[in-house]
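Here is the structure we will look at.
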Ligand code: GLV
Ligand code: MN
Ligand code: MN
């Protein structure tokens, strides 16, 4: 990134409104499946409602609202020099099933607050400022996560666009229903020519900031994530009459596989390479208490900050699955669902965040992210970075997810000031 030399001055002139942000968090929290708060899965009615609400908030600030080919909803505040590439911030408004009120939402609300403050102050930036609600960040009915940010980066493959949900519809159709144009996907939708920088605020989803008593995490790297579908096939049989030695129990095979994955990941994680692996989704067919399980479909996910570590781990895990299936006389299918490399956050963006934190008297810490984020994909297009704020006891992807209004306000102020600083230093 090309920069101007001296330090920022007067960034603190612009102040975020904590109460306004908290009201928006609470408003979004009402848009949930009523019997399982907080659940707003991508492509569902509640998700459509949340995006309608967000669009109305953008309209109220007179932002120019648009939906790109990948279904990302954005609102743009013009800058003093409209021909310049925009600065952007955003995250996602979808949740996991029985998730929380802050994952993704904090980043969208903070980005919106920055637009709100900038609009109130007569658009003081020279660059346009854009807020983005990325389509479907969480794994969804079509299997692929980060749909919008992958699409923006030109990373959605024709196979992924063809993934089918249980209702028979494809991901391409779901993107089209969200206002996107899947037929125009395949190449990056943006480049450094129209996107000068991107900063995403997010709850940490871990305990580091809380334990270290820091207000702000400055993300250095975001892990790469690889997901595979595995299907183990046995024979469904009567559970009372089939002797143990005659069974081809797919779930017993899957259980052995899950434990082997856990053991291997524990062995391979090292001081040099972060590595975690999870089997978090299983479908047992037919799932009857008196039927020997005939088939298990499961999803394996591996994450590391070193791509070579993930690759070797997945190769070895496939080997383990083959050996286990052969020994138990089970069939085995496996299919790569998605793969994205780890990414380093831009050094200039990290410095801007660090300075903004210091200018606000916030303590900060540089740290890697073990969670995946839209910024990982946007970072392939332009200089990108992330601001983490603490979340209570590191709990996330669960209803207990929590961050205090003051912690959110602190992060949003650092976000706003980072945007102001980037506007000043990027030539
Ligand atoms: C995002 O929610 C992730 O799975 O890391
Ligand atoms: Mn999440
Ligand atoms: Mn998230």
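No lab work stands behind these numbers, since they all come straight from the coordinates. All values derive from a computational prediction rather than experimental measurement. Here Cβ is always computed from backbone atoms with ideal geometry, including for glycine, and neighbour counts include all displayed protein chains.
Some notes on this structure:
- Relative contact order (%) - criterion: Cα under 8 Å, at least six apart; region: the range 244-403: 18
- Proxy reagent accessibility, fewest Cβ within 10 Å first, across 245, 311: 245, 311
- Between residue 259 and residue 166, the contour length at 0.36 nm per residue exceeds the Cα-Cα span by 30.6 nm.
- Fraction of antiparallel bridges per DSSP, the chain only, in percent to nearest 5: 70
- Full-stretch length increase - residue 13, residue 242 - with 0.36 nm per residue and alpha-carbon distance subtracted: 74.9 nm
- Relative to the longest principal axis of the Cα atoms of the chain, helix 405-425 runs at roughly 60 degrees.
- Shape call, the range 82-209: gyration tensor on alpha carbons, a/c limit 1.5: oblate
- Mean sequence separation of contacting Cα pairs (under 8 Å, at least six apart), scaled by the length of the range 206-298, corresponds to a relative contact order of 37 percent.
- Using every pair of distinct Cα positions in the chain, the Kirkwood expression returns a hydrodynamic radius of 22.5 angstrom.
- Packing-based exposure ordering (other Cβ within 10 Å, fewest first) of 244, 386, 237: 244, 237, 386
- Fewest-first sequence of 207, 223 by Cβ atoms within 10 Å of each Cβ: 207, 223
- Computed [θ] at 222 nm, helices only, for the chain once each DSSP H run of length n ≥ 4 contributes -39500 (n - 2.57): -10500 deg cm²/dmol
- Once the Cα atoms are used to define both axes, helix 45-60 deviates from the longest principal axis of the chain by about 10 degrees.
- Segment residue 34-residue 235, length gained on full extension (0.36 nm per residue, minus Cα span): 68.5 nm
- Two-site FRET efficiency, residue 290 against residue 64, from Cβ-Cβ distance with R₀ of 60 Å, rounded to 0.05: 0.50
- Rounded tilt (10° steps) of 307-327 against the dominant C-alpha axis of the chain: 20
- Kirkwood-based shape ratio for the range 373-427, expressed as Rg/Rh from alpha carbons: 1.06
- Value of relative contact order over the chain, rounded to a whole percent, pairs C-alpha under 8 Å and six or more apart: 23
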